[in-house]
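**Student:** Have a look at the structure that comes next, please.
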Amino acid sequence: MRLAWVELREFRNHAFTRINPVPNGLIVAVGPNGEGKTNLLEGMFFVFALASPRVSANAPVVRDGGDAAYARGEVETLGGRMLVEVEIPNRGASRVKLNRNPVRRKRDVRRQVRGVFFGPDDLDIVRGDASRRRRFLDEALVALWPLKETLLTTYDRVVRQRNRLLREWEGRGEPPALEAWDGELAQAGAAVMRARRDVVAAVAPSASEEFVALAGYALETTYGPNVGAVGGELEEAIRERLRERRADELARRTCLVGPHRDDVELAVRDLGARAFASHGEAWAAALCLRLGLAKAVEREIGEPPVLLVDDPFSALDPRRRDLVAERLARRGGQVVVSVADEADVPEAAHATWDVQAGRVAPRTGA
């Protein structure tokens, strides 16, 4: 899978950028901080994910003074060429076209084109609270199996409705409808937990392999479901836990059981990475989780996704920086990396783009 071309208009500091990446190999976008490298990779990712990996709202993506931003690109896949066009208004939902036809469901695009993005904010997957690791699981779920996104939306709807019932109940005892919503939550929650288990099983081995190559020892990734083991009787385990926490839920008027309270345990050298990993180890762990996801996607669809890696070298020592660059250059498919320092441009780069003030210029012969 590769981007044949990509075009950004009114996208952050890119008034107009059109670039034709080389079809295969490592591409390096180089330029001082604040010139638009990250914005470029973010815009490229929009073509695959139809959303930003950095912010949840559209407004920050739109160039100052503009009403909308635009990201367009043509993706070559084993199944054919896909033209993806995204209009990103300041307010409201983005409008998407696939091969010039309007798209109502984003998953119809996401199941045909795949990209994986790493950025410095991914350090929070390791260092941050459990919500950031849950978000990684759900991002990986959508990247691997886009049609399963409905599991997440269904569960979110059930939790919102059940929380509303708990908040608005003013009678004695428990709301009469609570037992029925327990059943809904148990069914939807069990489906999400099983999907997250499958995500960890798909990503963890490749992530550890990448980490071993950098550090010489393993990265252990273990799914920590909120309710017991993820087995065949999971629905009943959720129901039982809901009964145990009933008094607490009624007192706090919120749902305390389910996958919205899951976690992922990350460990290096048998110690929890969040508390005990060095900054370099934590950074490498976050990067390797994304690289592991890219490998898992490749196994799933039979071709490598486009890999977009923003500023991967800044927290690594020279040896690990060289190892990462070497592995990115050898992994196959299209890989776009951003660096701020000319000294960090790998010798193995197949092409180099200079980025300055929202303009992208391929170097001659690159």
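The values are calculated or read from the model by the stated rules, or taken from the named source; none is laboratory data. All of these numbers come straight from a predicted model, not from anything done at the bench. As a convention, Cβ positions derive from the backbone with ideal geometry for all residues, glycine included, and neighbour counts pool all protein chains shown. These area figures cover heavy atoms from the full protein model, side chains too; ligands, DNA and RNA do not enter into them. Shrake-Rupley method; radii C 1.70, N 1.55, O 1.52, S 1.80 Å.
**Student:** Please give the charge dipole size of the chain, origin at the Cα centre, charges +1 on K and R Cβ atoms and -1 on D and E Cβ atoms. Round to the nearest 20 debye. If you can, show how the numbers build up before the last one.
**Tutor:** Values: 56 positive and 54 negative charges, 203 e Å.
The dipole of the chain has a size of about 980 debye.
**Student:** Further, regarding this structure: Just from its helices, what would the mean residue ellipticity at 222 nm be for the chain, if runs of 4 or more DSSP H residues each count -39500 (n - 2.57) and the sum is divided by every residue, rounded to the nearest 500 deg cm²/dmol? Working shown, then result.
**Tutor:** On the way: 11 runs with 153 residues, N = 366.
Mean residue ellipticity at 222 nm (helix-derived): -13500 deg cm²/dmol.
**Student:** Using a 1.4 Å probe on the protein heavy atoms, what percent of the accessible area of the chain belongs to carbon and sulfur? Walk me through the numbers before you get to the answer.
**Tutor:** Numbers: 7590 of 16360 Å².
For the chain, the apolar C and S fraction of the accessible surface comes to 46 percent.
**Student:** Which lysines have a Cα less than 21 Å from the Cα of residue 295, not counting those fewer than 8 places away in the same chain?
**Tutor:** Reachable lysines: 148.
**Student:** Let me ask something else. Please report the net charge: other residues with Cβ closer than 14 Å to the Cβ of residue 32, K and R +1, D and E -1. Could you put the intermediate results ahead of the total?
**Tutor:** Values: positive: 37, 359; negative: 35, 311, 341, 342, 344, 354.
Result for the neighbourhood of residue 32: -4.
**Student:** May I ask you to compute the full-extension gain from residue 261 to residue 5, defined as 0.36 nm times their residue separation minus their alpha-carbon distance, rounded to one decimal in nm?
**Tutor:** Numbers: separation 256, 0.36 × 256 = 92.16 nm, distance 4.07 nm.
Here the answer is 88.1 nm.
**Student:** Mind checking the stretch 228-311 for GluC sites (Glu not before Pro) that DSSP puts in a loop (not H, G, I, E or B) and that have at most 13 other Cβ atoms within 10 Å? Could you put the intermediate results ahead of the total?
**Tutor:** Numbers: sites: 233, 235, 236, 240, 244, 249, 265, 281, 298, 300; in loops: 233.
Sparse-neighbourhood loop GluC sites (Glu not before Pro): 233.
**Student:** Suppose R0 equals 25 Å; then what is the FRET efficiency for residue 270 and residue 327 from their Cβ-Cβ distance, rounded to the nearest 0.05? Show your work: numbers first, answer last.
**Tutor:** Working: r = 25 Å, r/R0 = 1.00.
Approximately 0.50, to the nearest 0.05.
**Student:** Under 14 Å from a point placed 7 Å out from the Cα of residue 279 along the Cα-to-Cβ direction: which residues of the stretch 286-323 have their backbone N that close?
**Tutor:** Label zone hits: 313-318.
**Student:** Per residue, how much accessible area does the stretch 97-161 show when a 1.4 Å probe rolls over the protein heavy atoms, in square angstrom? Kindly include the intermediate steps, with their values, before the conclusion.
**Tutor:** Working: 3240 Å² over 65 residues.
About 50 Å² of surface per residue is accessible.
**Student:** May I pose another question? Relative to the longest principal Cα axis of the chain, at what angle does helix 279-301 sit, 0 to 90 degrees, rounded to 10?
**Tutor:** 90
**Student:** Could you work out how far apart the two model spin labels at residue 55 and residue 18 are, taking each label as a point 7 Å from the Cα in the direction of the beta carbon, and quote it in nm?
**Tutor:** Once both label points are built, they end up 2.6 nm from each other.
**Student:** Then there is this: Rounded to the nearest 0.05, what FRET efficiency is calculated for residue 167 and residue 135 with R0 set to 22 Å and r the Cβ-Cβ distance? Write out the running numbers ahead of the final one.
**Tutor:** On the way: r = 24 Å, r/R0 = 1.11.
Efficiency at R0 = 22 Å is approximately 0.35.
**Student:** Between beta-carbons, use under 11 Å as the cut-off and find the net charge around residue 120, counting Lys and Arg +1, Asp and Glu -1. Can you show the working numbers first?
**Tutor:** On the way: positive: 54; negative: 121, 122, 124, 310, 311.
Residues close to residue 120 contribute a combined charge of -4.
**Student:** Starting from the Cα coordinates of the chain, work out the convex hull volume and express it per residue in Å³. Write down the numbers at each step before the final one.
**Tutor:** On the way: hull volume 53.7 nm³, N = 366.
Taking only Cα atoms, the chain has a hull volume of 147 Å³ per residue.
**Student:** Would you calculate the separation in nanometres between label points at residue 253 and residue 77, each defined as 7 Å from the Cα along the Cα-to-beta-carbon direction?
**Tutor:** The answer from the label model is 4.6 nm.
**Student:** What order, most packed first, do the peptides 8-19, 77-88, 55-66 have when packing is the mean number of other Cβ atoms within 10 Å of each residue?
**Tutor:** Details: 8-19: 19.9, 77-88: 16.3, 55-66: 13.7.
In descending order of packing, they fall as 8-19, 77-88, 55-66.
**Student:** Give the aspartates and glutamates whose C-alpha is closer than 18 Å to that of residue 37, dropping any in the same chain fewer than 8 places away, or say none.
**Tutor:** Cα-Cα hits under 18 Å: 7, 10, 64, 121, 122, 310, 311, 341, 342, 344, 354.
**Student:** Now, a different point. State in Å² the accessible area per residue of the stretch 19-64; use a 1.4 Å probe, count heavy atoms of protein chains only, and round to the nearest integer. Display every interim value, and only then the final one.
**Tutor:** On the way: 1610 Å² over 46 residues.
Computed with neighbouring chains in place, this is 35 Å² per residue.
**Student:** Continuing with the same structure: Quickly work out the residue 160-to-residue 343 label distance, labels modelled 7 Å from Cα along the C-beta direction, and quote it in nm with one decimal.
**Tutor:** About 5.0 nm, to one decimal.
**Student:** Continuing with the same structure: Give me the extension gain from residue 300 to residue 179: residue separation times 0.36 nm, minus the current Cα-Cα distance, reported in nm with one decimal.
**Tutor:** Working: separation 121, 0.36 × 121 = 43.56 nm, distance 3.86 nm.
Contour length minus the Cα-Cα distance gives 39.7 nm.
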